[in-house]
1. Any residue at all in the range 155-170 that's of a type outside the set (A, V, I, L, M, F, W, C), under 25 Å from K36 (Cα atoms) and modelled with pLDDT under 95?
2. Just to be sure I understand, how many residues within the range 82-134 are part of a loop (DSSP other than H, G, I, E, B), among the β-branched types (V, I, T) and farther than 15 Å from L197 by Cβ?
3. Among A105, A38, A139, which is touching a residue at least 24 places away in the same chain (Cβ under 8 Å), surrounded by fewer than 19 Cβ atoms within 10 Å (Cβ to Cβ), under 15 Å from the mean Cα position of the chain (by Cα) and more than 26 Å from Y180 (Cβ to Cβ)?
4. With respect to R184, determine if the residue is touching a helix residue (DSSP H, G or I) at 6+ places or on another chain (Cβ under 9 Å), surrounded by fewer than 16 Cβ atoms within 10 Å (Cβ to Cβ) and within 29 Å of A38 (Cα to Cα).
5. Select from the range 49-81 the residues that are assigned to a loop (DSSP other than H, G, I, E, B) and within 16 Å of the chain's Cα centre (by Cα) and write down the one among them that is farthest from L34 (Cα to Cα).
6. Just to be sure, is F79 in contact with a Pro (Cβ under 9 Å, 6 or more places away or on another chain) and either surrounded by fewer than 23 Cβ atoms within 10 Å (Cβ to Cβ) or within 19 Å of V53 (Cα to Cα) (or both)?
7. Look through the range 120-136, keep the residues that are within 30 Å of G175 (Cα to Cα) and in contact with a helix residue (DSSP H, G or I) (Cβ under 9 Å, 6 or more places away or on another chain), and return whichever of them is surrounded by the most Cβ atoms within 10 Å (Cβ to Cβ).
8. List every residue pair whose Cβ atoms lie under 7 Å apart, where the two residues are 6 or more positions apart in sequence or sit on different chains, the first residue falls within the range 147-173 and is small (G, A, S), and the second residue, located anywhere, is part of a helix (DSSP H, G or I).
Amino acid sequence: MSPRISRSSSRARSAGRDYYEELLATREYRESRLRKAAVLDAIVGDRFRAAGVVGDIGSGTGLLKRELERLSGQPIIGFELDPRVVIERRRTCVADGTRLPVPDACFDFLIVNHLYEHVTDPRSLFAEVSRVLKPGGSAYVSAGSRWAFIEPHYRLPFLSWLPRGWADRYVRWTGRARSYRGIRFLGYRSLQRAMDLPELRCADMTEHAIRSVLNGGGAGKWRLAWRILSLLPAGPRRALLRCGPQWFFLLTRQAR
């Protein structure tokens with residue numbers, strides 16, 4: 001969820017909301033937050049347990065944040081621009097993720113979970129991450145790819161591949177929203193350029209993330225595919241992962 005999220009309040013589906021807004025209110029979505037929290041805990045749980053001050057930029061409904069607090073015993077400060085979507089309001093501040101109302105260098109660890117595609121200028125988001133992290137602090141970034149076959153918000157094949165005008169027509173034709181405005185996915189290299197800031201060191205931890213989930217017994221129907229992928233040499237394996245539907249990064253604020 002994000003500072004710049006697509007909304008279609010003027011057009012009604014069954015309840016005056018678009019497909020994505022309706023999805024946020026479903027049991028399916030709530031259960032997915034529990035699974036997502038377990039995945040995040042498997043990947044970087046040791047890091048945010050050891051951190052002093054933890055933040056979640058673009059915390060959305062707050063359900064993921066609440067489950068992570070339960071798993072870790074660590075309070076997490078959430079930031080979400082759209083108050084309409086917030087369900088778990090404790091320790092949540094209404095704020096733009098690119099202009100957080102906090103001083104410099106105040107967080108030890110940040111969660112930036114599937115957020116960049118909702119921001120007008122992703123580089124400004126990562127500049128803000130750099131500003132509010134303490135030297136030595138780090139941020140977990142999960143990010144979707146423009147080239148994913150199924151777009152994750154409206155669950156339509158190839159939606160994020162299309163030029164803006166065609167994407168708008170596509171979601172209107174399917175009846176899922178009036179437009180696709182407010183969501184803009186990037187390819188791997190474009191996203192890395194957005195994160196390439198002087199004080200941030202970026203590490204691709206996609207392979208580590210997959211192995212962490214596998215070792216924890218997760219991955220479901222993808223488990224066999226990941227096992228086969230792990231048999232490939234390192235170079236081809238990394239190349240294939242960069243073509244995957246999502247990536248995981250660790251951004252670390254370097255000491256001056």
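The values are calculated or read from the model by the stated rules, or taken from the named source; none is laboratory data. Quick caveat, the model's predicted, so the values are computed rather than measured. All Cβ positions, even for glycine, are placed from backbone atoms using ideal geometry, and neighbour counts span all protein chains on display.
1. So in the range 155-170, the residues of a type outside the set (A, V, I, L, M, F, W, C) come out as 155, 157, 160, 163-165, 168-170.
Retained after the next criterion (residues that are under 25 Å from K36 (Cα atoms)): 155, 157, 160.
With the extra rule that they be modelled with pLDDT under 95, the set shrinks to 155.
Yes: one or more hits.
2. Narrowing the range 82-134 to residues part of a loop (DSSP other than H, G, I, E, B): 82, 86-91, 95-106, 114-115, 119-121.
From the residues that got through so far, the ones that are among the β-branched types (V, I, T) too are 86-87, 98, 102, 119-120.
So of that shortlist, the ones also farther than 15 Å from L197 by Cβ come out as 86-87, 102, 120.
Qualifying residue count, the range 82-134: 4.
3. Values: A105 fails: under 15 Å from the mean Cα position of the chain (by Cα); A139 fails: surrounded by fewer than 19 Cβ atoms within 10 Å (Cβ to Cβ).
Only one candidate qualifies: A38.
4. Values: touching a helix residue (DSSP H, G or I) at 6+ places or on another chain (Cβ under 9 Å): yes; surrounded by fewer than 16 Cβ atoms within 10 Å (Cβ to Cβ): no; within 29 Å of A38 (Cα to Cα): yes.
The answer is no for R184.
5. Initially, the range 49-81 is screened for residues assigned to a loop (DSSP other than H, G, I, E, B), giving 51-53, 58-62, 73-75, 81.
Next, from what is left, pick out any that are within 16 Å of the chain's Cα centre (by Cα): 58-62, 81.
Details: G58: 17, S59: 14, G60: 14, T61: 12, G62: 11, L81: 22 Å.
The residue in question is L81.
6. Details: in contact with a Pro (Cβ under 9 Å, 6 or more places away or on another chain): yes; either surrounded by fewer than 23 Cβ atoms within 10 Å (Cβ to Cβ) or within 19 Å of V53 (Cα to Cα) (or both): yes.
Yes, satisfied.
7. P122
8. That search, which allows pairs on different chains as well, returns A148/S160; A167/L159.
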